[in-house]
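Working notes, beginning with the structure itself.
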Amino acid sequence: MLKMFIESLKNLFSEPATLPGFGTEPPKGYRGLIVYNKEKCIFCTKCELVCPAGAIRFIYPEDGSRNLEYKYNPYLCIYCGECVRECPKEGALIQTDKMPEPATKEDNPNETWFEIEKLAEESKKKWQLALAKKRQEALKKAQQAKQGKKEDNQDKKN
Amino acid sequence: MGNKMIVPFGSQHVALPEPVRFVFETENEIITNVEVDVGYVHRGIEKACQTKIGYKQVAYVVPRICGLCSISHNMAYIIAIEKLLEFEAPKRAKYLRVLAHELDRIHSHLFAMAHVAEAAGYENLVMYLFRDRELVMECLELLTGNRVQFDYGCIGGVNRDLTPEVEKELRKKLKKLEERLFWFRDVYLNDYTLNLRWKGVGVIPKEMAEKYNAAGPVARGSGVRTDARAEFDALPYRELGFEMVVYEDGDIWARNMVRMDELLISMRMIWNVLDGLPEGNYKENVKGMPKGEAVCRWEAPRGELFYHVRGDGKQILTRMRVKTPTFSNIPVLKELFIGANYADVPAIIISFDPCLSCTAR
């Protein structure tokens, strides 16, 4: 009885165990949003390959160059940090301790992301075709140049 | 002659926040027959791991099977894969794995004990338990960076090191928690209401537990000496002072006391890890592709977790099989109900601490 009385008196003056309302901040070292830095990126697409959820997608340009567009879905991301660990260039991908803002109906995160996924796959196919064409042309040029050189050499020998 | 009645329990029920369905046939409130359905939350994770996802990424997918024992799934899978790759993790990584896993066990057991107390109508104790569980959750958040999905283990070691600042915070919080644990043990041992409600209810004799292959605290509560940690050589449990807790009574009270004493032993192991953490790398690079077959037995908070993986030297595994502890406990549960009073059903189910999202996957 006495114990109980002391406990209740203590509880009367101690702080509440529950947190007072909103505004709780994540602790140091919290695994939060992933931030991308285009200037440092070398476009190796390792992060895209390694992501378990498929939350990172690259949209390829049509001309076959290596100037890819980075797309990231914070609502699909599972925040494991595997992409950051896999990234060969330091500073291109960073894991911050911030949480994503909740998506609203106006944002329409699902539909927009499905479109991005489609675009990424189609653009990759086109890009690969363009790259193959480029390589073939380059090969042809090289062969022609070789032949030309051979002819030149033969001319010189003659 | 009494009235025959069919009473459904679940798939949504006030006493149990898990989607499991029981159909009881009762006669004068005594149960005569039971049917169980556990497949409400099937997500096809095993199939996805065999067809879509590479073996390194599977380590981040299997923790999503369950929230409470996510780290058990992660580590069991990782150790099975490390067996295939013939790799042994560095010593520091092993100690950190034990630390994270035992912290996870503490929060899972506190959660289970709180639910059992709620089924006994002891709401005050629930509040106390949940308040002190918050301390462990904060510890885990500091250590791994998230409250529920830890993603701590990876093939080759662990993903984060234990920094001195984090260690200081952990010690402060764990000290506070340990005092509370002793107080809880005192309550569970001596409280009049709890003893009255739990002693002699839902008794599993030792023969029944052995016959139906019970696992985890359920088996240990009925006097069966089974714990995967005792025969496990991939992590240094014996070095850290592991001891098996066995109670002979087999009722709800004994199951709870097994959990309570395991908390204290986990606490002792955590102190040993913090005091004697070896220096060295916490992660090493692993090369090669999984080829062959391997199994891993792992003591999750609810019992023995079993992983079987098979690979043929490619990125994607050809077979991955998970057997969860709740699944092995369902036959005992079914047998136990026949002849029991219907009023005891919620307390008995919750004392098994079922995890249906594990079972259905």
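The values are calculated or read from the model by the stated rules, or taken from the named source; none is laboratory data. Just so it is clear, the structure is predicted and the values come from calculations on it, not from any experiment. Virtual Cβ from ideal backbone geometry, glycine too; neighbours counted across all protein chains shown. Areas reflect the complete protein model, heavy atoms only, side chains present, ligands, DNA and RNA absent. Shrake-Rupley method; radii C 1.70, N 1.55, O 1.52, S 1.80 Å.
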Quiz prompt | Residue that is nearest to the other protein chains (Cβ to nearest Cβ) [pool: residues in the stretch A:76-88 that are assigned to a loop (DSSP other than H, G, I, E, B) and surrounded by 13 or more Cβ atoms within 10 Å (Cβ to Cβ)] | solution = A:C80
Quiz item: What number of residues within the stretch B:162-195 satisfy the criterion of being open to solvent by 60 Å² or more (accessible area, probe 1.4 Å), closer than 30 Å to A:K28 by Cβ and touching a residue at least 12 places away in the same chain (Cβ under 8 Å)?
Solution: 3
Quiz item: Does the stretch A:112-158 hold any residues that are open to solvent by less than 100 Å² (accessible area, probe 1.4 Å) and farther than 30 Å from A:P74 by Cα, and which are they?
Solution: A:A130, A:L131, A:A132, A:A138, A:A142, A:A145, A:G148, A:D152, A:N153
Quiz item: Applying the selection to the stretch B:284-330, what residues are surrounded by 20 or more Cβ atoms within 10 Å (Cβ to Cβ) and farther than 24 Å from B:L110 by Cα?
Solution: B:P290, B:C296, B:Y307, B:V309, B:G311, B:L317, B:M320, B:V322
Quiz item: Can you tell me which residue in the stretch B:312-357 is farthest from the chain's Cα centre (by Cα), limited to those that are over 30 Å from B:L84 (Cβ atoms) and polar (S, T, N, Q)?
Solution: B:N341
Quiz item: Can you tell me which residues in the stretch A:28-51 are within 14 Å of chain B (Cβ to nearest Cβ) and either surrounded by fewer than 14 Cβ atoms within 10 Å (Cβ to Cβ) or within 12 Å of the chain's Cα centre (by Cα) (or both)?
Solution: A:K28, A:L33, A:I34, A:K46, A:C47, A:E48, A:L49, A:V50, A:C51
Practice problem: Test each condition in (1) touching a residue at least 60 places away in the same chain (Cβ under 8 Å); (2) outside any helix (DSSP H, G or I); (3) open to solvent by less than 10 Å² (accessible area, probe 1.4 Å) for B:P278 and report the one that comes out false. | Solution: (3)
Practice problem: Tell me the helices (runs of 4 or more DSSP H) entirely within the stretch B:161-224 that contain at least 2 residues that are touching a Lys or Arg at 6+ places or on another chain (Cβ under 8 Å) and away from chain A (no Cβ under 14 Å). | Solution: B:217-221
Quiz item: Inside the stretch B:196-214, can you point out the residues that are touching a Phe, Trp or Tyr at 6+ places or on another chain (Cβ under 8 Å) and open to solvent by 90 Å² or more (accessible area, probe 1.4 Å)?
Solution: B:K199
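Table: residues versus (1) crowded, with 19+ Cβ neighbours inside 10 Å; (2) without any contact (Cβ under 8 Å) to a residue 40 or more places away in the chain; (3) within 30 Å of B:R268 (Cα to Cα); (4) touching a Gly at 6+ places or on another chain (Cβ under 7 Å).
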{"position": "B:K47", "(1), (2), (3), (4)": "no, yes, no, no"}
{"position": "B:T51", "(1), (2), (3), (4)": "no, no, no, no"}
{"position": "B:Y55", "(1), (2), (3), (4)": "yes, no, no, yes"}
{"position": "B:Y60", "(1), (2), (3), (4)": "yes, no, yes, no"}
{"position": "B:I79", "(1), (2), (3), (4)": "yes, no, yes, no"}
{"position": "B:R97", "(1), (2), (3), (4)": "yes, no, yes, yes"}
{"position": "B:A100", "(1), (2), (3), (4)": "yes, no, yes, no"}
{"position": "B:R105", "(1), (2), (3), (4)": "yes, no, yes, no"}
Self-check item: Hey, B:F242 surrounded by 21 or more Cβ atoms within 10 Å (Cβ to Cβ) and farther than 22 Å from B:C355 by Cα or not
Solution: yes
Quiz prompt | Leading residue by the ranking (most open to solvent (accessible area, probe 1.4 Å)) among those in the stretch A:13-27 that are modelled with pLDDT of 75 or more and farther than 30 Å from B:R160 by Cα | solution = A:F13
Practice problem: Can you tell me which residue within the stretch B:125-160, out of those that are within 11 Å of another protein chain (Cβ to nearest Cβ) and free of Cβ contacts under 8 Å to residues at least 24 places away in the same chain, is surrounded by the fewest Cβ atoms within 10 Å (Cβ to Cβ)? | Solution: B:R131
Exercise. Considering (1) within 17 Å of B:R310 (Cα to Cα); (2) of a type in the set (A, V, I, L, M); (3) away from chain A (no Cβ under 14 Å), say which one B:V38 fails and leave the rest.
Key: (1)
Self-check item: Residue check for B:I31: within 14 Å of another protein chain (Cβ to nearest Cβ) and open to solvent by less than 60 Å² (accessible area, probe 1.4 Å)
Solution: no
